[in-house]
Amino acid sequence: MEQRHLGRTGLRVSRIGLGTLTWGRDTDEHDAADLLKAFWEAGGTLVDTADVYGDGEAEYLLGQLIEGLVPRRDLVISTKAGSVPDPDRRFDGSRGHLLAALDASLARLGTDYVDLWHIHAFDPFTPLEETLQALDLAVSSGRARYAGVSNYCGWQLAKAATWQLAAPGTRTRLASTQLEYSLLQRGVEREVLPAALDLGIGLLPSSPLGRGVLTGKYRHGTPADSRGASEHMGLFVAPYLDDTASRIVDAVTTAADGLAVTPLQIALAWVRDRPGVAAPIVGARNAQQLTAALSVEALSLPDEICRALDDVSAPLHRYPDHDWSTL
């Protein structure tokens, strides 16, 4: 699998990442082992997790598989901290919480360091410089090799990245930002992606298949074994089962038929090769699904297909997202 630099750093990651959102909950240890082995054998390196996935079970399960199944040195392990199970405060970006969460992640993963550590979301109740200092301390102590943020909007990302760049050698450059991005969700193109491109930050798209909808599996109903029918994930899929999404899925299916490939391959290749994207994060239920996703490695979409997909899924851009003189 092709390797790409993550933003304006020396870190290289596989251009498809393996997500572990369902590990330890819907994905058991046997399926997780099959997924990790298939991913590694295909040349994949980037494995993404978080301290809240499965209430910590995803990290623990990944830790159990490292070395026994896949050498630690062959993986780029990314995890996140900052989300908390508190209805009154969903995110805690305090330095104390973040560093304690990192130590707990390392214990569950059974490793001395993570390759990439993300702040899971912006915390409006903690000074941003305090949150970012946790990244600096994690990198300077060797507990994290690189750092990034997740779910930051455009101004939050630009402010954080600029603050870090203001003291080179003291503060660690943001390597990445992780947000949802697909043909069904192109909101990052308004402000986040332009900021990331300007500041040299690599984008790691989550849900690149539109929460599974872009595979076409929901065109004629909700399969009983799908995430849309799952108690945990049904509400997650539901927003992308409307008429607008249906038109986009139809276009993806038409493109797939024309190229003799699958809708999954079309949707994944589109987001993988967007400007600024380092590696879409793919979550699969089993090794068969993952293998289908990894088969996109050999596919590059023709320009006319990309333009057609861009047109049918184009988000609404108005002032001030676009230059006022063009309006």
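By the scheme Lys and Arg +1, Asp and Glu -1, what is the net charge of all other residues having a beta-carbon under 12 Å from that of residue 32?
On the way: positive: 25, 37, 285; negative: 26, 28, 29, 31, 34, 57, 59.
Residues near residue 32 contribute -4 overall.
By how many nm would the segment from residue 129 to residue 72 lengthen if fully extended, with 0.36 nm per residue of separation less the alpha-carbon distance? Don't jump to the answer; show the numbers that get you there.
Numbers: separation 57, 0.36 × 57 = 20.52 nm, distance 3.21 nm.
Gain on extension, residue 129 to residue 72, equals 17.3 nm.
Cut-off 10 angstrom, C-alpha nodes, Gaussian network model of the chain. Which of 314, 33, 134 fluctuates the most?
Residue with maximal mean-square fluctuation among 314, 33, 134: 314.
Volume per residue, Å³, of the convex hull around the alpha-carbon atoms of region 1-61? Don't skip to the answer; put the middle values down first.
Values: hull volume 4.8 nm³, N = 61.
Hull volume over Cα atoms, normalised by residue count, gives 78 Å³.
Please identify, among 47, 70, 249, the residue showing maximal mean-square fluctuation in a Gaussian network model of the chain using a 10 angstrom Cα cutoff.
Most flexible of the set in this elastic network: 70.
Just to make sure I understand: if all protein chains stay in place, what is the order of 125, 236 by accessible area at 1.4 Å, largest first? Mind showing how you got there, number by number?
Working: 125 160, 236 65 Å².
Most to least solvent-accessible, the answer reads 125, 236.
Karplus couplings for region 276-291 from phi (6.51 cos²θ - 1.76 cosθ + 1.60, θ = phi - 60°), rounded to Hz, Gly and Pro as x?
x, 7, 8, 6, x, 9, 9, x, 10, 7, 8, 5, 5, 5, 5, 4
Over every pair of different alpha-carbon atoms in region 130-195, take the mean of 1/r and invert it; report that Kirkwood radius in Å. Could the numbers behind the result be given before it?
On the way: mean 1/r = 0.0793 Å⁻¹.
Hydrodynamic radius (Kirkwood, Cα pairs) of region 130-195 is 12.6 Å.
What is the pair-distance distribution P(r) of region 81-149, computed from all Cα-Cα distances in 10 Å bins starting at 0, with each bin given as a whole percent?
Going out from 0 Å in 10 Å bins, region 81-149 shows 23, 56, 20, 1 percent.
Rounded to whole Å and ordered largest first, report the semi-axes of the equivalent ellipsoid of region 185-288 derived from its Cα gyration tensor (root of 5λ). If you can, show how the numbers build up before the last one.
Working: eigenvalues 121, 54, 37 Å².
Here the semi-axes work out to 25, 16, 14 Å.
Mean shadow of region 1-120, computed from the convex hull of its alpha carbons, in nm²? The partial results should precede the final answer.
Details: hull surface 30.6 nm².
Averaged projected area of region 1-120's Cα convex hull equals 7.6 nm².
How much of the accessible area of region 154-312, in percent, comes from carbon and sulfur atoms when a 1.4 Å probe is used?
That share works out to 53 percent.
Pick from 280, 194, 127 the residue whose mean-square fluctuation is largest in a GNM of the chain, springs joining Cα atoms under 10 Å.
Taking springs between Cα atoms under 10 Å, the residue moving most is 127.
The chain: longest stretch without exposed GluC sites (Glu not before Pro) (DSSP loop, at most 15 other Cβ within 10 Å), sites themselves excluded? Can you show the working numbers first?
Details: sites that count: 2, 67, 231.
In the chain, the maximal stretch lacking such sites is 68-230.
For region 48-181, I need the span (max minus min coordinate) of the C-alpha atoms along each principal axis, in Å, sorted largest to smallest.
42, 37, 31
For the chain, what's the relative contact order in percent, using C-alpha pairs closer than 8 Å and at least 6 residues apart?
On the way: 580 pairs, mean separation 59.3, N = 327.
It rounds to 18 percent for the chain.
What is the percent of Cα-Cα separations in region 257-327 that go past 20 Å?
When all Cα pairs of region 257-327 are counted, 43 percent exceed 20 Å.
Let me know the shape class of region 118-265, please: from the alpha-carbon gyration tensor, a ≥ b ≥ c as square roots of the eigenvalues, rounded when a/c is under 1.5, otherwise prolate if a/b is greater than b/c, or oblate. Show your work: numbers first, answer last.
Details: a/c = 2.73, a/b = 2.21, b/c = 1.24.
Since a/c reaches 1.5 and a/b is larger than b/c, the shape of region 118-265 is classed as prolate.
What ranking of 122, 39 comes out by heavy-atom accessible area, probe 1.4 Å, highest first? Let's see the in-between values first.
On the way: 122 40, 39 0 Å².
Result of the area sort, largest leading: 122, 39.
Which ³J(HN,Hα) values in Hz, rounded to whole numbers, follow from the phi angles of region 111-124 under the Karplus curve 6.51 cos²θ - 1.76 cosθ + 1.60, where θ = phi - 60° and Gly and Pro get x?
Karplus-based 3J(HN,Hα) across region 111-124 equals 9, 7, 7, 10, 6, 8, 10, 10, 6, 5, 6, 6, 10, x Hz.
How large is the convex hull of the Cα atoms of the chain per residue, expressed in Å³ as a whole number?
On the way: hull volume 45.4 nm³, N = 327.
Convex hull volume per residue, Cα atoms: 139 Å³.
The values are calculated or read from the model by the stated rules, or taken from the named source; none is laboratory data. Values in this document were obtained by computation on a predicted structure and should not be read as measured data. Backbone-built Cβ (ideal geometry, glycine too); neighbour counts: all protein chains shown. Note: accessible area is taken over every heavy atom of the protein model, side chains too, but ligands, DNA and RNA are not part of it. Shrake-Rupley method; radii C 1.70, N 1.55, O 1.52, S 1.80 Å.
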